[in-house]
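Working notes, beginning with the structure itself.
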Amino acid sequence: MSAIRTLFLNPPSFEGFDGGAGSRYQARREVRSFWYPTWLAQPAALVPGSRLVDAPARGLSLDDVAPMASDYELAVLHTSTPSFPSDVRVAEALRSANPRLRVGFVGAHVAVAPEAALRASPAIDFVARNEFDFTIQEISEGAPLDRVDGISYRDGDRVVHNRERTPLEDMDRLPYVTEVYARDLVIDDYFIGYLLHPYVSLYTGRGCRSRCTFCLWPQTVGGHRYRTRSAENVADEIRRARELFPTVKEYFFDDDTFTDDLPRAVRIAELLGRLGVTWSCNAKANVPYDALKAMRENGLRLLLVGYETGSQQILNNIRKGTRVDVARRFTADCHRLGITIHGTFIVGLPGETAETIQDTIRFAREINPHTIQVSLAAPYPGTELYRQASENGWLAGDRLVSGDGVQIAALSYPHLSREAISRSLEEFYRRFYFRPRKMAALAFEMLTSASMMKRRLREGAEFARFLRQREGAA
Ligand code: SF4
């Protein structure tokens with residue numbers, strides 16, 4: 001069936017904003033970085049002749065994207081809670097430029113509150129709830145909105161909610177996103193501090209079996225079953241990607257928890273080992289030694305590990321399903337095998353005190369991941385954390401980011417203010433990075449190549465600017 005002309009847009013918003021079509025926590029980062037807009041690339045791969053525009057990564061402004069509206073009949077915008085007001089302005093500008101353009105929003109924010117999203121502006125014709133790949137394909141093929149499962153749409157003054165779309169089970173039905181990356185994106189735009197450059201990231205499955213209270217995607221668009229592509233299908237996409245991107249140094253599997261199905265992870269590793277590629281993935285801090293070893297021997301370079309905290313009580317509070325002692329052992333195993341770790345931590349989760357923050361900083365220094373990211377607890381609508389925060393009066397405001405897109409402390413407790421939580425982020429970074437052992441390791445890394453030196457110096461300057469800004473804001 002021929003498709004109507006469709007634009008997939010990751011909209012422009014704050015300068016340097018990593019905005020949600022591939023980013024779990026939408027914000028301007030400490031150092032400039034972007035995830036691939038994979039959630040948009042996936043339906044784009046299903047719509048022949050479509051175009052994917054990633055405005056933040058390309059540095060495009062509203063003035064740049066608004067004129068594109070006249071070339072299309074349908075625009076699909078990915079939105080997020082922090083960027084929604086600005087995304088609405090983009091939709092309105094597109095509609096002004098082309099009054100006949102149909103505009104749809106996708107993403108967790110509209111999946112959680114479809115009616116509110118539609119009432120925010122007449123420029124939004126429909127929102128697609130939860131998984132939306134085949135939803136958008138049907139609309140792009142001209143299906144009437146009242147026959148498309150999984151959307152809410154405007155009908156005069158009414159908002160109509162169609163029935164839910166059945167979650168996709170046969171994940172091998174999804175065409176390769178890397179074909180769309182090659183067609184529409186510039187891979188050099190995509191930097192992540194701890195990944196080699198250029199890198200390519202994609203998903204090999206959706207959903208996470210864990211039920212962490214703060215985590216947005218499994219509680220909204222992904223679900224709690226890990227629905228996966230076959231190992232052969234994944235390996236075939238990487239084989240094809242190597243042809244498309246001969247300069248790529250690393251592939252990143254950005255599934256919520258790639259190690260949720262360990263036999264499959266090891267099977268994929270073995271297939272990748274035959275291809276000789278370097279790859280990395282998300283993991284929980286509980287992967288056994290043998291599986292780590294098998295993955296390492298087949299090209300695994302780095303694991304992105306959500307430790308969150310060094311407090312067992314907080315891990316229990318957020319239902320992480322991990323143990324501090326197991327995380328210690330896992331990390332020691334990775335060090336032994338030469339697997340690099342980028343560890344992520346969160347300050348301000350329920351149960352946090354000034355003492356637990358200090359415990360977590362000590363824990364991070366002790367286990368010593370190569371690099372870290374520290375986030376402020378973010379109560380996204382649609383999560384259990386948001387529900388708890390609303391009921392207990394912990395919400396310190398209704399915003400997750402500042403006026404320039406930087407994350408702000410959104411929770412406050414009777415015993416721990418938002419200001420104290422916010423200050424602890426800077427302290428965490430300083431005490432982790434500004435110690436002789438860590439600085440020597442990073443300096444050594446810079447000496448390995450001129451491009452790494454150049455890149456780390458740029459990131460160092462951006463990081464120093466970030467710390468100065470936080471000092472000014474505190
Ligand atoms: S394990 Fe990771 S991806 Fe899964 S729910 Fe927890 S934080 Fe989210």
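Restricting the search to helices (runs of 4 or more DSSP H) fully inside the range 400-474 and requiring at least 3 residues that are open to solvent by 80 Å² or more (accessible area, probe 1.4 Å) gives 436-446, 450-473. Determine whether the range 124-141 contains at least one residue that is open to solvent by 20 Å² or more (accessible area, probe 1.4 Å), hydrophobic (A, V, I, L, M, F, W, C) and farther than 18 Å from T220 by Cα. No: zero hits. The combined condition, being open to solvent by 40 Å² or more (accessible area, probe 1.4 Å) and not acidic (D, E), is fulfilled by N316.
Of all the numbered requirements in (1) surrounded by fewer than 20 Cβ atoms within 10 Å (Cβ to Cβ); (2) closer than 22 Å to V106 by Cα; (3) of a type in the set (G, A, S), G150 misses one, and that requirement is (1).
Take the conditions near the ligand (Cβ under 10 Å from one of its atoms), more than 19 Å from S424 (Cβ to Cβ) and in contact (Cβ under 8 Å) with a residue 40 or more places away in the chain and apply them to K320. Does it pass? In short, yes.
Scanning the range 194-244 for residues that are within 11 Å of the ligand (Cβ to nearest atom) and open to solvent by 40 Å² or more (accessible area, probe 1.4 Å), we see that the one that is nearest to the chain's Cα centre (by Cα) is Q219.
Quick check on the range 253-269. Is at least one of its residues more than 16 Å from the ligand (Cβ to nearest atom), in a loop (DSSP other than H, G, I, E, B) and open to solvent by 10 Å² or more (accessible area, probe 1.4 Å)? No, the range 253-269 contains no residue that is more than 16 Å from the ligand (Cβ to nearest atom), in a loop (DSSP other than H, G, I, E, B) and open to solvent by 10 Å² or more (accessible area, probe 1.4 Å).
Filtering D184, D87 for residues that are open to solvent by less than 40 Å² (accessible area, probe 1.4 Å) and either touching a Leu at 6+ places or on another chain (Cβ under 7 Å) or at pLDDT 95 or above (or both) leaves a single hit, D87.
Residues in the range 377-399 that are without any contact (Cβ under 8 Å) to a residue 40 or more places away in the chain, in a loop (DSSP other than H, G, I, E, B) and touching a strand residue (DSSP E or B) at 6+ places or on another chain (Cβ under 9 Å): A396 only. Just name the residue that is most open to solvent (accessible area, probe 1.4 Å) out of those in the range 285-304 that are touching a strand residue (DSSP E or B) at 6+ places or on another chain (Cβ under 7 Å) and on the phi < 0 side of the Ramachandran plot. Here the answer is R301. Restricting attention to the range 161-174, the residues being surrounded by 17 or more Cβ atoms within 10 Å (Cβ to Cβ) and not hydrophobic (A, V, I, L, M, F, W, C) number 2. Taking E92, is it open to solvent by 20 Å² or more (accessible area, probe 1.4 Å), in contact (Cβ under 8 Å) with a residue 40 or more places away in the chain, more than 21 Å from R387 (Cα to Cα) and more than 25 Å from the chain's Cα centre (by Cα)? For E92, the condition - open to solvent by 20 Å² or more (accessible area, probe 1.4 Å), in contact (Cβ under 8 Å) with a residue 40 or more places away in the chain, more than 21 Å from R387 (Cα to Cα) and more than 25 Å from the chain's Cα centre (by Cα) - is not met.
Just so you know, in the range 323-347 the residues that are within 14 Å of the ligand (Cβ to nearest atom) and in a helix (DSSP H, G or I) include one that is nearest to H197 (Cα to Cα), and it is F330. Scanning the range 319-337 for residues being open to solvent by 40 Å² or more (accessible area, probe 1.4 Å) and in contact with a helix residue (DSSP H, G or I) (Cβ under 7 Å, 6 or more places away or on another chain) gives a total of 2.
Against the conditions (1) part of a loop (DSSP other than H, G, I, E, B); (2) surrounded by 19 or more Cβ atoms within 10 Å (Cβ to Cβ), where does V374 fall short? Just the number, please. Only one criterion is unmet by V374, namely (1). Against the numbered list (1) touching a residue at least 40 places away in the same chain (Cβ under 8 Å); (2) within 23 Å of the chain's Cα centre (by Cα), G343 comes up short only at (1). Of the candidates I314, I361, the single residue that is touching an Asp or Glu at 6+ places or on another chain (Cβ under 8 Å), assigned to a helix (DSSP H, G or I) and either away from the ligand (no atom under 15 Å from the Cβ) or not hydrophobic (A, V, I, L, M, F, W, C) (or both) is I361.
The values are calculated or read from the model by the stated rules, or taken from the named source; none is laboratory data. Remember, predicted model here, so these are calculated numbers, not experimental data. With ideal geometry, Cβ positions are generated from the backbone for all residues, glycine too; neighbour counts draw on all protein chains shown. Areas reflect the complete protein model, heavy atoms only, side chains present, ligands, DNA and RNA absent. Shrake-Rupley method; radii C 1.70, N 1.55, O 1.52, S 1.80 Å.
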